[in-house]
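The values are calculated or read from the model by the stated rules, or taken from the named source; none is laboratory data. Just so it is clear, the model here is predicted, and its values are computed rather than measured. Positions of Cβ are generated from backbone atoms using ideal geometry, with glycine treated the same way; all protein chains shown enter the neighbour counts. The accessibility values were calculated without ligands, DNA or RNA, using every heavy atom of the protein model including side chains. Shrake-Rupley method; radii C 1.70, N 1.55, O 1.52, S 1.80 Å.
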Amino acid sequence: MTDGNLTIELSMAELRAITAYAVACAEPALAIFERERPDDRRPRAALDAARSFADGARRTKVIRDHAWAAQRAYQEARDAGLAAASDAARAAVAAASAAYLHPLAKATQVLHILGAAAHAARAVELDAGDDPNVGADHIERARDLASPVVVSVLTRYPDAPSGRGRAGELLRILDASLRQSTTDR
């Protein structure tokens, strides 16, 4: 499938499943952020808001507000030279953003589905001294967490976009692995 103006059917149940998956993928990295910035609750609040939506709450502006606040936490951690913490915050941003996956057949929408996993993997990788094996292990766990609903939604979209550094590379590895799992059945 290529990018275009095609729309993709998405149910609220599917959006909740995508969001729950993103929260589960991002959560392990939250400890990295909280260790480095213990007084900053913005990424946790973003994950909590996303989790509430995944658990059945309405999709409201509160989720977006918490995602924007976590985005500022990411930027502040990045500017402070806390690379692992900044990627952990980006994972929280991506998890909250998952609730707003757009039904447009664009590769960039894959970031809403798998971005939390990729940024969390990069955060744990950086926290372990930039060890790519740790990131690969996190991606493997993220692959195992993906329910059939998550994979079904993912495969309606084009392949993940290029670029975005190491986190983008991890995202494309996960994307390819999940797509391959559908052909292995």
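Observations on the model:
- So ASP137, is it within 17 Å of ARG166 (Cα to Cα), part of a helix (DSSP H, G or I), out of contact with any helix residue (DSSP H, G or I) (no Cβ under 6 Å at 6 or more places or on another chain) and open to solvent by 30 Å² or more (accessible area, probe 1.4 Å): yes
- Qualifying residue in region 16-29 (condition: more than 14 Å from the chain's Cα centre (by Cα), farther than 16 Å from SER97 by Cβ and part of a helix (DSSP H, G or I)): no
- Among the numbered conditions (1) open to solvent by 40 Å² or more (accessible area, probe 1.4 Å); (2) under 14 Å from TYR21 (Cα atoms), the only one that HIS119 does not meet is (1).
- Pair list, Cβ < 7 Å and 6+ apart or interchain, from region 151-164 residues that are of a type in the set (Ser, Thr, Tyr) to residues that are crowded, with 17+ Cβ neighbours inside 10 Å and assigned to a loop (DSSP other than H, G, I, E, B): TYR157/ALA105
- Being touching a helix residue (DSSP H, G or I) at 6+ places or on another chain (Cβ under 8 Å) and within 25 Å of ASP137 (Cα to Cα) is a description that does not apply to ALA107.
- Filter result (closer than 19 Å to GLU125 by Cα and open to solvent by 10 Å² or more (accessible area, probe 1.4 Å)) within region 87-105: ASP87, ARG90, VAL93, ALA94
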